[in-house]
1. Testing the spin-label approximation: label points 7 Å from Cα along Cα→Cβ at residue 32 and residue 90. State their distance in nm.
2. Using a simple charge model, +1 on the beta-carbon of Lys and Arg, -1 on the beta-carbon of Asp and Glu, nothing else, what dipole does the chain show about its Cα centre, in debye to the nearest 20?
3. Take peptides 61-71, 170-180, 145-155 and line them up by average Cβ neighbours within 10 Å, highest first, as a rough protection proxy.
4. Could you work out the relative contact order of the chain? I mean the mean sequence separation of Cα pairs under 8 Å and 6+ apart, divided by the number of residues, in percent.
5. For n ≥ 4 DSSP H runs only, could you compute -39500 (n - 2.57) per run for the chain, divide by its residues and tell me the 222 nm figure to the nearest 500?
6. Using amide H atoms built in the peptide plane, which far-off residues or other-chain residues are under 5 Å from residue 50 H to H?
7. For the residues 118, 201, what sequence is obtained by ranking on other C-beta atoms within 10 Å, fewest first?
8. What angle, in degrees between 0 and 90 and rounded to the nearest 10, separates the Cα long axis of helix 126-139 from the longest principal axis of the Cα atoms of the chain?
Amino acid sequence: MTDELHVLPPGIEQPQASELVARNIVVQFQGLTAISDVSLKVERHEVFGLIGPNGAGKTTLVNCLTGFQRPTSGSVVLGGEDTTGWTPVKFRKQGVARTFQAGRLFRDMTVAENVEVTALGLGMSRRAGHQHAMAMLEWVGLADRADAIAGTLPYTDERRVGIARALVLSPAFVLLDEPAAGMSDAECDDLMHTIAAIPRTFTCGVLLIEHNMGVIMGVCQRIHVLDGGRTIAEGLPSDIQRDQAVISAYLGMEG
Ligand SMILES: Nc1ncnc2c1ncn2[C@@H]1O[C@H](COP(=O)(O)OP(=O)(O)O)[C@@H](O)[C@H]1O
Ligand SMILES: [Mg+2]
């Protein structure tokens with residue numbers, strides 16, 4: 001199965017970039033500074049956690065890393081290449097895929113079609129797109145829902161479709177914005193096992209936003225913490241867990 005997932009149709013190659021870098025990113029919305037001079041680097045072999053209280057700037061940063069938000073200053077560098085001016089489509093074609101907090105599926109189309117259109121839009125033939133979409137759906141555990149109308153899925157399944165869509169063209173990086181929000185503990189646990197397997201299965205780095213500290217500690221190799229648009233810590237899960245600034249930032253929100 002793993003080998004099959006890696007065999008892309010002729011003419012489609014997995015991008016080679018080995019790191020996705022945010023360099024001194026600043027984002028201002030009118031008077032509000034949503035991101036203040038944030039730098040980070042996601043590598044191809046890891047699940048990199050991005051955490052922080054609500055409003056910390058996590059989604060805004062992901063928007064910058066995928067072409068949905070232009071930084072006020074600073075830059076995003078993919079595999080050594082400056083991405084200034086790239087559209088979301090260009091990021092996608094160069095190997096940076098993402099999911100959204102809300103599913104954004106085509107609700108009247110089937111689950112399989114939702115994954116296929118992404119593949120077709122980026123250059124796969126119908127046949128190859130269908131085959132590859134089915135392989136992705138099987139991998140995320142939704143093969144038996146392939147013919148269901150997307151709008152009828154529970155949103156926990158919608159999130160998995162979103163991940164299948166993000167993975168269908170073998171990206172170099174995938175950015176997952178709170179994929180487990182609203183899930184039960186068991187569903188969340190199951191999803192985290194799937195996410196943890198992405199780097200080795202797809203040779204694809206993962207940036208994971210997740211608000212549950214316990215969950216993120218278990219799945220990430222490194223964690224970056226934002227609070228009020230600023231970096232307050234970055235390190236191994238064991239270091240982050242003990243970090244005073246992180247504990248203080250979280251004390252206000254949990255409980
Ligand atoms: N398009 C926008 N226009 C104005 N303010 C925004 C916009 N997007 C986000 N913000 C603000 O930027 C800050 C960071 O938001 P966001 O990145 O969504 O945080 P998080 O994902 O960590 O909860 C918040 O104060 C939010 O209200
Ligand atoms: Mg967010």
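Values quoted throughout were computed directly from the atomic coordinates according to the rules given, and no laboratory measurement underlies them. Source: prediction; values computed, not measured. Every residue, glycine as well, gets a Cβ built from its backbone with ideal geometry; the counts of neighbours run over all protein chains shown.
1. The answer from the label model is 2.8 nm.
2. 780
3. 170-180, 61-71, 145-155
4. After rounding, I find 27 percent.
5. Computed mean residue ellipticity for the chain: -10500 deg cm²/dmol.
6. Those lying under 5 Å, H to H, from residue 50 are 208, 209, 210, 224.
7. Exposure proxy ranking, most exposed first: 201, 118.
8. 60
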